[in-house]
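S.K.: Mind looking over this structure? Questions follow.
The numbers here are math on the coordinates, done by the rules we state, and not lab data. Predicted model, so just to flag it, every value in this text is computed and none were measured. Here the Cβ is made from the backbone with ideal geometry for all residues, glycine too, and neighbour counts use every protein chain on show.
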C-alpha cells in the first residue's frame, strides 16, 4: 500500500543512532523530510546521506528537518553518522514494521532479479505530520537536488 499526499503519516517510535526513542510526534512543528534507505555505509546510501548532509543548512533555513530510516541496528547507524559526519538523526527499524506502514518494504528489482527489500523512498511531511510529497523508487544520486527543486529551494 502506497501513501498519498494529504494523508497523515503513519505514527512510529524508533531508536536513533544513540538508542534514544524518536517518535513522529517529536517531529511535529517543523516540516520533515523522512527518507528510507536500504543499508548504512553502502555506496548509494552513503552518497544520498552525504547529499542531505551537504544540503542540511539550506534545508533547515527553509524550515525542514531531515531524518533517515533504515533496518540497520543503532550501533551501525552511529558508525555511519560518525564516519560520514552526518548531522541529522538516523532511525533504526530492524523489524521493518515502519517500512511496511509507509509502503517502502516489498518486491523490487535488484540486478535483474525480483527480491523483497527496502524501496528507496522519501516523504515530505508538513508541520502537523501530514504527507505533502510521497516519492517512491527514488535514485540515490541526484535525489536531493531533484527534491530541492520540487520544494522550490534554490540549487
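S.K.: For 23, 55, what's the fewest-to-most ordering of other Cβ within 10 Å of each Cβ?
M.R.: Ascending Cβ contact count within 10 Å gives the list 23, 55.
S.K.: Among 139, 108, what is the fewest-to-most ranking by other Cβ atoms within 10 Å?
M.R.: 139, 108
S.K.: Once you have all Cα-Cα distances for segment 99-155, histogram them in 10 Å bins from zero and send the whole-percent values.
M.R.: Binned Cα distances yield the sequence 20, 44, 28, 8.
S.K.: In addition: To check you understand DSSP bridge types, tell me what percent of the beta bridges within the chain (both residues inside) are antiparallel, rounded to 5.
M.R.: Just about 70 percent of them are antiparallel.
S.K.: Give me the one-decimal Kirkwood hydrodynamic radius in Å for segment 1-67, with the sum taken over alpha-carbon pairs.
M.R.: By the Kirkwood definition, the hydrodynamic radius is 13.7 Å.
S.K.: Here's a follow-up. Which order do the peptides 41-49, 146-154 come out in when sorted by mean C-beta neighbours inside 10 angstrom, highest first?
M.R.: Peptide ranking by packing, descending: 41-49, 146-154.
S.K.: Right, here's the next one. Just how far, in whole angstrom, is segment 51-76 from segment 13-42 if you go by their alpha carbon centroids?
M.R.: 8
S.K.: Which percent, to the nearest 5, of DSSP beta bridges fully inside segment 1-91 are antiparallel?
M.R.: Taking every DSSP beta bridge with both residues in segment 1-91, the antiparallel ones total about 35 percent.
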